[in-house]
Amino acid sequence: MAPDAGLTLFATHLTQRGVSPRTRSAYIRDAKALVDWCREQGITHCADIDLHRIRAFIAREHRRGLNPRSAQRRLSSLRAFFDCLIESGTLHYNPASGVRAPKARRRLPEVMDVDQTARLLSSTAQATIAVRDQALMELIYSSGLRLSETVALDIAHVDLNDGMVEVTGKGNKTRRVPVGCQAIAALQHWLALAANLRAPGETALFVSARGTRLSARSVQMRIAHWAQRMGLGMNVHPHMLRHAFASHVLESSGDLRAVQELLGHANLSTTQVYTHLNFQHLSAVYDNAHPRARRRPQR
């Protein structure tokens, strides 16, 4: 069967299977890209499309600017295309099944530097909600907490005398993390005011104006509010405070294992992203400071 005929068969197959129009369009577009390439290469039979040719096609697409995620999607479409040809009896194996897309570069999280973080936490507002927000942000930054961990905290989980907080993270794993002195002071201030706000029987550490446990969405909105109010000029979300904690501790200590334990990461590879962040920062400092770091413009 010719690749063009295979594409027609594939389109009919998708329609009969009740695939949504959007998915059908994407599958056919990806399969057509391969069929067009086959025509350029002089390939006239689907049986001649082997694993090596699929690899060559994906490599060509990558050189043309197809990003790794799109390449993964294209390979998924091609596997569906060849599965259809196998069902029809045209092929006996799927040549795309053993082909991997180029690896996607891991996106580095956006991290606030020490000065930006200090500016975010520099409010002196004394309204109850402002005091709560200050304590909330100080604790996330002090102890590197996830948003879900923060809103799940009860008063009993925080020991201000020992300066520790007990956190239940992913996989229902519990860890104890130190709380810094500024976060302790902010929490003490908040707890003194929260006594009059807390609803009867409410055990949450952070509560809303109604006295009930603060929601994750409310935390996101409040942190974004303070970032704007303090003039940071960037969209700050709770996880950025966790990133800032990890990056700043690693930058000062160089102890990756300790940062892994503090963050509650199961795998060290997850924590290693912060080494890339630090290298990125150091590279920028080097480029700006070293007299021989950058090439001089050609005259």
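The values are calculated or read from the model by the stated rules, or taken from the named source; none is laboratory data. The model shown is predicted, which means the values in this text are computed figures rather than measured ones. When we count neighbours, we look across all protein chains shown, and the Cβ atoms used for this are built from the backbone with ideal geometry, even at glycine.
Taking the condition of being surrounded by 15 or more Cβ atoms within 10 Å (Cβ to Cβ) and either modelled with pLDDT under 85 or in a helix (DSSP H, G or I) (or both), how many residues in the stretch 104-118 meet it? Walk me through it before giving the result.
Filtering the stretch 104-118 for residues surrounded by 15 or more Cβ atoms within 10 Å (Cβ to Cβ) gives 109, 111-112, 116-117.
Now narrow it down to the ones that are either modelled with pLDDT under 85 or in a helix (DSSP H, G or I) (or both): 109, 111, 116-117.
Result for the stretch 104-118: 4.
For the stretch 205-219, enumerate the residues that are part of a loop (DSSP other than H, G, I, E, B) and of a type in the set (D, E, K, R). Give the derivation first.
Start the filter on the stretch 205-219 by keeping residues that are part of a loop (DSSP other than H, G, I, E, B), which leaves 205-206, 208-212, 214-215.
The one that is part of a loop (DSSP other than H, G, I, E, B) and of a type in the set (D, E, K, R): 210.
Only one residue in 202, 149 is at pLDDT below 95 and either among the acidic types (Asp, Glu) or not assigned by TED's automatic domain parsing to the domain that holds residue 244 (or both). Which one?
After ruling out the rest, the residue left standing is 149.
Matching residues to (1) over 18 Å from residue 212 (Cβ atoms); (2) polar (S, T, N, Q); (3) not in a helix (DSSP H, G or I):
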{"residue": "133", "(1), (2), (3)": "no, no, no"}
{"residue": "138", "(1), (2), (3)": "yes, no, no"}
{"residue": "142", "(1), (2), (3)": "yes, yes, no"}
{"residue": "156", "(1), (2), (3)": "no, no, no"}
{"residue": "162", "(1), (2), (3)": "yes, no, yes"}
{"residue": "166", "(1), (2), (3)": "yes, no, yes"}
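Read through the list (1) at pLDDT 90 or above; (2) over 20 Å from residue 190 (Cβ atoms); (3) of a type outside the set (Gly, Ala, Ser); (4) within 16 Å of the chain's Cα centre (by Cα), then give the number of the only condition that residue 243 fails.
(1)
Which pairs have Cβ atoms under 7 Å, sit 6 or more apart or on different chains, and link a residue in the stretch 128-142 that is on the phi < 0 side of the Ramachandran plot to one that is basic (Lys, Arg)?
Hits for this filter: 133/222; 140/242.
Residue under question is residue 85, and the condition is that it be modelled with pLDDT of 90 or more, on the phi < 0 side of the Ramachandran plot and either part of a helix (DSSP H, G or I) or surrounded by fewer than 20 Cβ atoms within 10 Å (Cβ to Cβ) (or both); does it hold? Can you show your working first?
Values: modelled with pLDDT of 90 or more: yes; on the phi < 0 side of the Ramachandran plot: yes; either part of a helix (DSSP H, G or I) or surrounded by fewer than 20 Cβ atoms within 10 Å (Cβ to Cβ) (or both): yes.
Yes.
What do you reckon, is residue 172 more than 20 Å from residue 250 (Cβ to Cβ) and under 22 Å from the mean Cα position of the chain (by Cα)?
On the way: more than 20 Å from residue 250 (Cβ to Cβ): yes; under 22 Å from the mean Cα position of the chain (by Cα): yes.
Criteria met by residue 172.
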